[in-house]
């Protein structure tokens with residue numbers, strides 16, 4: 001990766017001088033003074049954020065924080081990951097300035113946005129509550145679970161509990177609900193035959209099917225979802241510059257994929273004459289100034305972590321053990337919901 005950054009710097013210097021970083025507002029100034037980004041993550045959900053065998057944090061959320069570090073500090077390596085037990089704990093840490101950004105598969109809700117001095121960034125993973133069942137149960141829809149026991153982890157009256165109640169009422173279902181304090185406890189109950197279904201976000205279910213069950217091929221995640229769970233990074237309210245950096249970092253990852261720009265073919269894009277591409281990769285002066293960043297900030301992001309599709313595929317998709325379909329998290333041109341805001 002260091003060779004990539006060095007090669008990128010040489011390419012940009014050959015193309016012309018980059019504009020110096022502009023004045024920074026509070027969070028960006030703190031991050032630069034510290035020399036590293038403090039990123040709150042789950043830390044225990046593979047695919048989103050969990051240590052690899054060498055202890056390095058891996059996952060979609062972890063790579064998003066690396067992208068922000070590349071934008072703000074010039075290197076994806078300048079980030080420290082701080083696990084947060086729950087989304088609420090992460091929002092507390094954000095409010096208390098113990099972290100700079102929370103990227104912990106946290107749903108955007110009006111309650112979280114309205115009751116704290118924090119604001120959501122862009123959605124980086126579209127999810128929804130689903131059901132994990134044993135294939136031997138021979139069900140293809142949660143509407144076939146009447147009379148069964150469905151289990152979930154989380155607060156009583158929380159999002160999953162409420163989604164179950166709404167779904168049951170809508171389809172005139174009667175089932176037994178069992179609540180557990182942690183996903184691990186719900187998984188243990190499933191493996192012990194105490195639950196017929198485990199309800200959680202589909203992304204997490206696809207991961208836990210592989211990581212938490214010794215016989216993953218005997219379990220299935222039903223395709224139907226019963227809630228909307230748009231997962232986004234969060235930042236403190238009141239620092240519009242920092243919010244914009246986090247927001248446009250996500251847009252850059254999405255737009256790069258739309259352009260067909262990857263970490264491997266980036267050098268080719270550095271030779272393009274198209275003005276929109278030259279601006280995007282920092283070859284035209286002034287592109288980074290509105291955010292207080294170097295002009296080549298997007299090129300450094302793509303060199304460091306790749307585009308959104310690369311991040312998804314290596315952590316959750318075909319390049320991972322989870323082999324998840326892109327689904328809603330694909331580009332809008334392929335039937336997904338990903339659509340970058342205009343870079344103009």
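The values are calculated or read from the model by the stated rules, or taken from the named source; none is laboratory data. Owing to the predicted nature of the structure, the values given are computational and were not obtained by experimental measurement. Cβ atoms come from the backbone with ideal geometry, glycine included; neighbour counts cover every protein chain shown.
Looking at the structure I just gave you, is residue 341 surrounded by fewer than 19 Cβ atoms within 10 Å (Cβ to Cβ) and in contact (Cβ under 8 Å) with a residue 40 or more places away in the chain? Break it down stepwise before answering.
Details: surrounded by fewer than 19 Cβ atoms within 10 Å (Cβ to Cβ): yes; in contact (Cβ under 8 Å) with a residue 40 or more places away in the chain: yes.
In short, yes.
How many residues does the range 127-150 hold that are surrounded by fewer than 20 Cβ atoms within 10 Å (Cβ to Cβ) and in contact (Cβ under 8 Å) with a residue 12 or more places away in the chain?
Here the count works out to 13.
Taking the stated definitions as given, is residue 293 in contact with a strand residue (DSSP E or B) (Cβ under 7 Å, 6 or more places away or on another chain) and modelled with pLDDT of 95 or more?
So residue 293 does not fit the description; no.
Which one of these is within 30 Å of residue 100 (Cα to Cα) and surrounded by 21 or more Cβ atoms within 10 Å (Cβ to Cβ): 154, 203? If you could, list the steps in order and put the result at the bottom.
Values: 154 fails: surrounded by 21 or more Cβ atoms within 10 Å (Cβ to Cβ).
From the options 154, 203, the qualifying one is 203.
Any idea how many residues of the range 188-209 are within 25 Å of the chain's Cα centre (by Cα) and either over 24 Å from residue 329 (Cβ atoms) or assigned to a loop (DSSP other than H, G, I, E, B) (or both)?
Matching residues across the range 188-209 total 0.
Could you say which residue among 289, 303 is more than 23 Å from residue 52 (Cβ to Cβ) and in contact (Cβ under 8 Å) with a residue 24 or more places away in the chain?
Sole residue among the options that is more than 23 Å from residue 52 (Cβ to Cβ) and in contact (Cβ under 8 Å) with a residue 24 or more places away in the chain: 289.
Looking at this structure, is residue 242 in contact (Cβ under 8 Å) with a residue 12 or more places away in the chain and outside any helix (DSSP H, G or I)?
no
Of 192, 197, 252, which residue is farther than 20 Å from residue 42 by Cα and touching a helix residue (DSSP H, G or I) at 6+ places or on another chain (Cβ under 6 Å)?
252
Go through the range 157-177 and give me each residue that's over 17 Å from residue 228 (Cα atoms), surrounded by fewer than 16 Cβ atoms within 10 Å (Cβ to Cβ) and in contact (Cβ under 8 Å) with a residue 24 or more places away in the chain.
171, 174, 176
Mind telling me which of the residues 90, 22, 55, 35 ends up being at pLDDT 95 or above and in contact with a helix residue (DSSP H, G or I) (Cβ under 9 Å, 6 or more places away or on another chain)?
None of the other options fit; the residue is 35.
Quick check on this structure: which one of 230, 267 is in contact (Cβ under 8 Å) with a residue 40 or more places away in the chain and not in a helix (DSSP H, G or I)?
Within the list 230, 267, the selection yields 230.
Mind checking which residues of the range 276-292 are exposed (fewer than 13 other Cβ atoms within 10 Å of the Cβ) and over 16 Å from residue 252 (Cα atoms)?
Matches in the range 276-292: 286 only.
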